[in-house]
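For reference, the structure is listed below as structure tokens.
The values are calculated or read from the model by the stated rules, or taken from the named source; none is laboratory data. All figures in this text were calculated on a predicted structure; none of them were measured in a lab. We place every Cβ from the backbone using ideal geometry, glycine too, and count neighbours over all the protein chains shown. The area values use the complete protein model at the heavy-atom level, side chains included, leaving out ligands, DNA and RNA. Shrake-Rupley method; radii C 1.70, N 1.55, O 1.52, S 1.80 Å.
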Amino acid sequence: MRRPVIVLGVLALVLSSAGTASAEPPLEVGAGITDLAGALGTGTVAAAERAVEDLAAEDGLVLSAVFVPSFGDAEPGAWARDSARLSGFDEDDLLLAVAVGEETFEYGFWVDEDFPLSDVDVERAVIAEVEPRLAARDRSGAVVALAEQLGGLVAAEEEAAAAAGPWSARTTILVVGGVAAVLLVAHLLSRRRSSIPS
């Protein structure tokens, strides 16, 4: 049985002498963007919120992103997991948690064991789309890119299923037709034998 996925990532851009940010305990968050660190500007948060809304409307996946000053001593993945549990998230939810320092960041994410996309695909999407943008301090862009990548993964799975559907139907028809032909031949041979005088 798959277990809830907890992935953590830590990237130190520059280790500076800046003051330690106050740690935020795991918390209850809603769908969408929660910015307790002031990490997203007013102009950029709208784009992230729109991407999250589009993902939910078009693909049925609920992406939530929370930005805090620090996770304290908690591992990012564990922090995301505990916050997801507090928030009552289920199989359609993905929670991205980011701790934003002056010159550093940490991130983790959580998805349920029954999330529609595979663990591997989700992890690849986060590493490819989120991590480099957080490193570039493009926090809103990280959310937008992740939402778009998740939507792309859903579309790819739907296309694969549609492509497999007709093939499966043709295979079924061929098998049923073959069985019917064999039964018909057997029936005709049986009638022929029964009609031959002994």
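Quick check, is residue 69 more than 22 Å from residue 116 (Cα to Cα) and either open to solvent by 50 Å² or more (accessible area, probe 1.4 Å) or at pLDDT below 95 (or both)?
Details: more than 22 Å from residue 116 (Cα to Cα): yes; either open to solvent by 50 Å² or more (accessible area, probe 1.4 Å) or at pLDDT below 95 (or both): no.
Criteria not met by residue 69.
Based on what the data block shows, is residue 109 open to solvent by less than 50 Å² (accessible area, probe 1.4 Å), among the aromatic types (Phe, Trp, Tyr) and either more than 20 Å from residue 67 (Cα to Cα) or assigned to a loop (DSSP other than H, G, I, E, B) (or both)? Talk me through it step by step, then tell me what you get.
Details: open to solvent by less than 50 Å² (accessible area, probe 1.4 Å): yes; among the aromatic types (Phe, Trp, Tyr): yes; either more than 20 Å from residue 67 (Cα to Cα) or assigned to a loop (DSSP other than H, G, I, E, B) (or both): no.
No; evaluated as a whole, the condition is false for this residue.
Out of the stretch 110-140, which residues are without any contact (Cβ under 8 Å) to a residue 12 or more places away in the chain and within 21 Å of residue 49 (Cα to Cα)? Outline the logic, then answer.
So in the stretch 110-140, the residues without any contact (Cβ under 8 Å) to a residue 12 or more places away in the chain come out as 118, 120, 124, 132, 136-138.
Hits for the stretch 110-140 are 132, 136, 137, 138.
So which residues in the stretch 21-49 are surrounded by 13 or more Cβ atoms within 10 Å (Cβ to Cβ) and not in a loop (DSSP other than H, G, I, E, B), if there are any at all?
32, 33, 34, 35, 44, 45, 46, 47, 48, 49
Any residue in the stretch 32-46 that is within 11 Å of residue 97 (Cα to Cα) and acidic (Asp, Glu) sitting within a Cβ distance under 8 Å of a residue that is open to solvent by less than 50 Å² (accessible area, probe 1.4 Å) and at pLDDT below 95? List the pairs, counting only those 6 or more apart or interchain.
Between residues of the stretch 32-46 that are within 11 Å of residue 97 (Cα to Cα) and acidic (Asp, Glu) and residues that are open to solvent by less than 50 Å² (accessible area, probe 1.4 Å) and at pLDDT below 95, the close pairs are 35/45.
Name the residue, out of 10, 14, that is under 27 Å from residue 115 (Cα atoms), out of contact with any Cys (no Cβ under 8 Å at 6 or more places or on another chain) and either at pLDDT below 95 or open to solvent by less than 70 Å² (accessible area, probe 1.4 Å) (or both).
Among 10, 14, only 10 is under 27 Å from residue 115 (Cα atoms), out of contact with any Cys (no Cβ under 8 Å at 6 or more places or on another chain) and either at pLDDT below 95 or open to solvent by less than 70 Å² (accessible area, probe 1.4 Å) (or both).
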